[in-house]
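The values are calculated or read from the model by the stated rules, or taken from the named source; none is laboratory data. Since the structure is predicted, the reported quantities are computational estimates derived from the model, not experimental observations. Cβ placement follows ideal geometry from the backbone for every residue including glycine, while neighbour counts extend to all protein chains displayed.
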Ligand code: NAI
């Protein structure tokens, strides 16, 4: 049989792998999971792969193999995550890992060279498959990404990846990839030696065939020299410990692993077991040999997959995936096409919104500010985003220039009235925002564009207030982005009673095109995110007034798993901005939202945070040894009379009071239907506010701790500290439920 596709099993019509044997003895091993847009490893995939290997092993005419995906834009995106949710024991998961390891080892031991031709996502098990090949060629295309993201799901690469990757690119580089889960583009992968060459997509197959014909099986000497070259190309990482001298001897490796553990602990505070196990398993492979490494890898996967943290992170993953698919409106409501966007205000947020609109959504943006200076600053923010991408080799200068040309600047309304959607990100001022809306409506009328959507990026003002005098309130919506927009994954969309379904559908599609995870919430003071964050931040300021130190408060919550402490966060946002929303929320919700006196005193004293040089911390002084920023020394005197004279609250109390107020307010939002379901609340809190990702979000946190316990603690705190701790109605109802399932937000 020559140059004709051959299914590896004659009976199967939905076989994942097909073999095409050419006259020159090269076998092209193609794979595509039937009906799937992304290839993932399922049970069928593994069976079909083993059958393909049987066929190749028994064919003595074969001189080389090219492994290539037949699914456009997808090489192989790793294991189907659903597999892990169905398993019942660690031993079962360990078995899955061992099976993968065995198949990949079989591939690596084929008698002929195997070339992986990679285009599209090559992630997790997909990259491990490629690592078991002799040569890897990647197509330079937007779709091509390589990485081992298992750590983000609380897992580890367990198809031999923890052992093969360090032996290909060096230990330090491999740890960096596995511990961050970051994805590389083709050129970045080439730079670290993860792929051998990068070609244009059209040339991928031919080049792979050419290399399969030329390449021999790689000897261990050839592998060692590849490793050396890879290390020579990379510098830095893990405090510069990447040199071969350290990696090539047991004592040096011990230093390297210890350093990696220390750096990791400082980041995770012990809440994430997966990265720790990754280091252990890599270390085992070096200390006891690769077989022991494989065994440790499989065992660790079993333990992690059944652990609470991986379950929570998988919950976040599934929730994110389901939000990606959600349209939030009835099926028959289709979004309007958006071909051109306008952004008002070229400040921090406006420039960020413009950047993601061009970069991710690929749409031209008209950016308006009041002054040329403002515009210049905003354009510089966009430019520096692209400069960094080019420097990281994530894109070429020509491609960056093409994007930059898509952002045009103006100080008047020219080009704004023709936009399909205009997002305002001017100062947080109701009258100003209302006048922007009127201007945009007039500009749209002048262009005969009545469908133009007016979106506001306000962080606190009710959208209905901004739309109070709108001619077309059905076109008005809140698009609440988070800072820095280029990085933060969440977009909170706020619909008023008057916002049309068409406007919601269009805004959702627009936000997704910008690469955001979108939640849609009801309008109300503080919406969902600002409202849940406020009592948490207020409580931190109260604890300060009760005698806890600035550092004790921030450290307690960071240690508990928040990405930054609440007082550092207030300094970043601006103490004035943080408390501005206080009166609005207090008017709506009463005492539980009242901002403490401490904040008002700080504003009076001019301690507004980083922007004014001093806030809770002192930004004018140099950082102390150990990289810690000094606390604002004058704060103690300023707040002295607030102290109640009792003992300062300790770490456990700080954590409990702040976290429970956050969780309780999230529950109030669900009771009042500000959010439709707990899932959106969990994702909004994690992706927008950094709420303890390892818990799976505030609602899943309640499920894990137990609603009765949460209610008991809130009631105890209410007796001691006041009614702001009274449990939300939904929590009380759940705590009184007799059946287990009614005491949980999730099944
Ligand atoms: P910013 O002060 O950096 O930028 C505001 C920009 O608006 C300035 O460049 C200013 O010149 C411009 N501007 C003022 N009046 C204008 C007008 N009439 N026409 C055109 N441009 C005008 O402020 P930032 O931080 O970007 O915030 C903007 C909005 O985004 C505010 O409503 C804020 O509450 C909201 N927001 C801010 C977040 C943050 O973390 N900074 C997060 C989420 C929302």
In region 408-417, which residue that is within 13 Å of the ligand (Cβ to nearest atom) and touching a helix residue (DSSP H, G or I) at 6+ places or on another chain (Cβ under 6 Å) is nearest to residue 463 (Cα to Cα)?
416
For region 485-494, how many residues meet the condition of being in contact with a helix residue (DSSP H, G or I) (Cβ under 6 Å, 6 or more places away or on another chain), part of a loop (DSSP other than H, G, I, E, B) and within 13 Å of the ligand (Cβ to nearest atom)?
2
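Please return the ranges of strands (runs of 3 or more DSSP E) entirely within region 418-481 where 2 or more residues are near the ligand (Cβ under 8 Å from one of its atoms). It would help to see each step written out before you state the result.
Values: elements: 421-424, 453-456, 476-481.
It comes to 476-481.
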Note on region 309-332: residues out of contact with any helix residue (DSSP H, G or I) (no Cβ under 7 Å at 6 or more places or on another chain) and surrounded by 13 or more Cβ atoms within 10 Å (Cβ to Cβ) are 311, 318, 326
Those residues of region 358-373 which are within 15 Å of the ligand (Cβ to nearest atom) and in contact (Cβ under 8 Å) with a residue 12 or more places away in the chain amount to 365, 366, 367, 368, 369, 370, 371, 372
Among helices (runs of 4 or more DSSP H) entirely within region 139-210, at least 1 residues that are under 26 Å from residue 296 (Cα atoms) occur in 161-169, 171-180
So if I check each of 126, 160, which one is under 23 Å from residue 54 (Cα atoms), touching a strand residue (DSSP E or B) at 6+ places or on another chain (Cβ under 7 Å), surrounded by 24 or more Cβ atoms within 10 Å (Cβ to Cβ) and modelled with pLDDT of 95 or more?
126
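Okay, residues lined up against (1) part of a helix (DSSP H, G or I); (2) surrounded by fewer than 22 Cβ atoms within 10 Å (Cβ to Cβ); (3) not assigned by TED's automatic domain parsing to the domain that holds residue 586:
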residue: 647; (1), (2), (3): no, yes, no
residue: 661; (1), (2), (3): yes, no, no
residue: 684; (1), (2), (3): yes, no, no
residue: 691; (1), (2), (3): no, no, no
residue: 713; (1), (2), (3): yes, yes, no
Just the residues that are on the phi > 0 side of the Ramachandran plot and surrounded by 18 or more Cβ atoms within 10 Å (Cβ to Cβ), please, taken from region 592-617.
609
Does residue 512 qualify as being away from the ligand (no atom under 16 Å from the Cβ) and either part of a helix (DSSP H, G or I) or under 15 Å from residue 328 (Cβ atoms) (or both)?
yes
Could you look through region 550-585, keep only residues that are away from the ligand (no atom under 14 Å from the Cβ) and part of a loop (DSSP other than H, G, I, E, B), and pick out the one that is surrounded by the fewest Cβ atoms within 10 Å (Cβ to Cβ)?
563
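Consider residue 345 carefully, then state whether it is surrounded by fewer than 21 Cβ atoms within 10 Å (Cβ to Cβ), at pLDDT 95 or above and on the phi > 0 side of the Ramachandran plot. Explain how you work it out, then say what you get.
Values: surrounded by fewer than 21 Cβ atoms within 10 Å (Cβ to Cβ): no; at pLDDT 95 or above: yes; on the phi > 0 side of the Ramachandran plot: yes.
When the stated conditions are applied, residue 345 does not pass them.
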Tell me whether region 374-385 contains one or more residues that are within 15 Å of the ligand (Cβ to nearest atom) and under 17 Å from residue 513 (Cβ atoms).
no
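For region 72-91, which residues satisfy the criterion of being touching a residue at least 12 places away in the same chain (Cβ under 8 Å), loosely packed, with under 14 Cβ neighbours inside 10 Å and part of a helix (DSSP H, G or I)?
We begin by selecting, within region 72-91, every residue touching a residue at least 12 places away in the same chain (Cβ under 8 Å); these are 72-81, 83-85, 87, 89-91.
Now narrow it down to the ones that are loosely packed, with under 14 Cβ neighbours inside 10 Å: 72, 85, 89, 91.
Correct list: 85, 91.
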